[in-house]
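Scroll down for the structure; my scribbles are underneath it.
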Amino acid sequence: MSLLFFYFFATMLVLSGLVVILAQNPLYNVLSLVVATFCLSNLFLLLEAYFVGIILLLVYAGAVLIFFLFVVMCLNLNNPSAFQNQNRFKISGWLLGSCFLASFFLTTKSYLLTRSLEPSSIRGTIEAIGKILFTEYVLPFELTSFLLLVATFGIVSLAQGSLKSR
């Protein structure tokens, strides 16, 4: 059953990644990136890296990409062509809902299977990730946080400049 989920989420990840690259509308690019992040999070859950999967879903899909979506929508308020074809949104909604339902069942199944295990025997725990992150990967971790800080300032200044030009 997990092999079926793997192929489903891997296919969705590749397709949504292609839409991120090939779509002409920035709104579709960001929404496809949200779907790609959701699928990647589910792949981490399949690998039993629960903490990485949930953090990826909460931080990136839940915060960073929604913030990007907000900025893109602020920049393209005068573009009504983005919302002309409502059928695409209905199909996307059904697809996203089915992905969420599959993810929910997969997470519930994984939780029930790992509930009887010792906490130290579960891979992908916070303790294991913390040890690796703050011993071997301190420099990349700090550089990534600096890069995200610079990107946040860039997005805010871009959004502020577009609001002043109106």
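Read-outs: derived from the displayed coordinates by stated rules, not from any lab. These numbers come from a predicted model, not from an experiment. With ideal geometry, Cβ positions are generated from the backbone for all residues, glycine too; neighbour counts draw on all protein chains shown.
Which parts of the stretch 32-59 would a label at residue 7 reach, counting a residue when its backbone N lies under 13 Å from a point 7 Å out along Cα-to-Cβ?
none
Modelling each spin label as a point 7 Å along the Cα-to-Cβ direction, I'd like the residue 48/residue 94 distance in nm, to one decimal.
For the pair residue 48/residue 94, the computed spacing is 3.7 nm.
Spin-label point model (7 Å from Cα, Cβ direction): what's the residue 132 to residue 55 distance in nm?
The answer from the label model is 1.1 nm.
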